[in-house]
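Peer 1: Dropping a structure here in C-alpha cells format, bear with me for questions.
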Amino acid sequence: QVQLVESGGGLVQAGGSLSLSCAASGTIFRLAAMAWYRQAPGKQRELVAGISSIITGRSTTYADSVKGRFTISRDDVQKKVALHMNNLKPEDTAVYYCALQGPKNYWGQGTQVTVSS
C-alpha cells in the first residue's frame, strides 16, 4: 500500500519562496514517476512538475507557467519528492498534490499554498 503525505505549504508574499515535501511509504517509490499537481478554486487540477524514476534517468518536466521558478527533486533512499518554488506569484495559489504514477496512481491529501500580492 502506498501513502503520500505532503508538508510545507503555507502563506507567502509574492516574490517569496516555499518548499514542499512529500513522503512516501511502500516499496515501489524508486520505480515510479513522481509529480506535483495543483488545483486552484474553480479550476481543473493541473500538472506543475514531474520527475521520472532512476530507470529513465530522472528526467524532469515543468508546466510553462513555472519553468525557471520551480524545481522538482527526489530522494529515493528517503522516499521523498520535493518541490522548491521561487519567485512565487499570486496565481500560484492553489492546493498542491503529490502524485505517484505507476501501474496505479496514488495521491496525497494536498497542502495549501497561498501567495499574497
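The values are calculated or read from the model by the stated rules, or taken from the named source; none is laboratory data. What you see is a predicted model, and the numbers here were worked out from it, not measured in a lab. When we count neighbours, we look across all protein chains shown, and the Cβ atoms used for this are built from the backbone with ideal geometry, even at glycine. Calculation scope for accessible area: heavy atoms of the full protein, side chains included, ligands and nucleic acids excluded. Shrake-Rupley method; radii C 1.70, N 1.55, O 1.52, S 1.80 Å.
Peer 1: Name the one entry in Ser73, Ser65 that is among the small types (Gly, Ala, Ser) and outside any strand (DSSP E or B).
Peer 2: Numbers: Ser73 fails: outside any strand (DSSP E or B).
Step by step, each of Ser73, Ser65 is checked, and only Ser65 is among the small types (Gly, Ala, Ser) and outside any strand (DSSP E or B).
Peer 1: Go through region 62-71 and report how many residues are open to solvent by less than 70 Å² (accessible area, probe 1.4 Å) and more than 15 Å from Leu18 (Cα to Cα).
Peer 2: 3
Peer 1: Something else about it: Can you tell me which residue among Arg74, Arg38, Arg30 is open to solvent by 80 Å² or more (accessible area, probe 1.4 Å) and charged (D, E, K, R)?
Peer 2: Details: Arg74 fails: open to solvent by 80 Å² or more (accessible area, probe 1.4 Å); Arg38 fails: open to solvent by 80 Å² or more (accessible area, probe 1.4 Å).
One residue alone meets the criteria, Arg30.
Peer 1: Quick one: count up the residues across region 1-27 that are assigned to a loop (DSSP other than H, G, I, E, B) and among the hydroxyl-bearing types (Ser, Thr, Tyr).
Peer 2: Restricting attention to region 1-27, the residues satisfying the condition of being assigned to a loop (DSSP other than H, G, I, E, B) are 1-3, 8-9, 14-17, 25-27.
With among the hydroxyl-bearing types (Ser, Thr, Tyr) added as a condition, the list becomes 17, 25, 27.
Looking only at that region, the number is 3.
Peer 1: Filter region 81-110 for residues that are open to solvent by 70 Å² or more (accessible area, probe 1.4 Å), closer than 18 Å to Thr61 by Cα and either of a type in the set (A, V, I, L, M, F, W, C) or touching a Lys or Arg at 6+ places or on another chain (Cβ under 7 Å) (or both) and give the result.
Peer 2: Asn86
Peer 1: Ok, one more. If a residue must be touching a Phe, Trp or Tyr at 6+ places or on another chain (Cβ under 8 Å) and part of a strand (DSSP E or B), how many such residues does region 76-86 contain?
Peer 2: 4
Peer 1: Also, quick follow-up: Would you check if there is a residue in region 7-21 being on the phi > 0 side of the Ramachandran plot, surrounded by fewer than 20 Cβ atoms within 10 Å (Cβ to Cβ) and out of contact with any strand residue (DSSP E or B) (no Cβ under 8 Å at 6 or more places or on another chain)?
Peer 2: Yes, the conditions are met somewhere in region 7-21.
Peer 1: Might you check whether a residue that is at pLDDT below 95 and touching a helix residue (DSSP H, G or I) at 6+ places or on another chain (Cβ under 7 Å) occurs anywhere in region 55-66?
Peer 2: Yes: region 55-66 contains one or more residues that are at pLDDT below 95 and touching a helix residue (DSSP H, G or I) at 6+ places or on another chain (Cβ under 7 Å).
Peer 1: Still on this structure, I have one more. Please specify each residue of region 41-61 satisfying the condition of being part of a loop (DSSP other than H, G, I, E, B) and either touching an Asp or Glu at 6+ places or on another chain (Cβ under 8 Å) or surrounded by 14 or more Cβ atoms within 10 Å (Cβ to Cβ) (or both). Give the steps one after another, and end with the answer.
Peer 2: Filtering region 41-61 down to residues part of a loop (DSSP other than H, G, I, E, B) leaves 41-45, 52-53, 57-59.
The answer is Arg45, Ser52, Ser53, Arg58.
Peer 1: Which of the residues belonging to region 22-65 are at positive phi and in contact (Cβ under 8 Å) with a residue 24 or more places away in the chain?
Peer 2: Within region 22-65, the first condition is being at positive phi, and the residues that meet it are 26, 42, 57-58.
Matches in region 22-65: Gly26 only.
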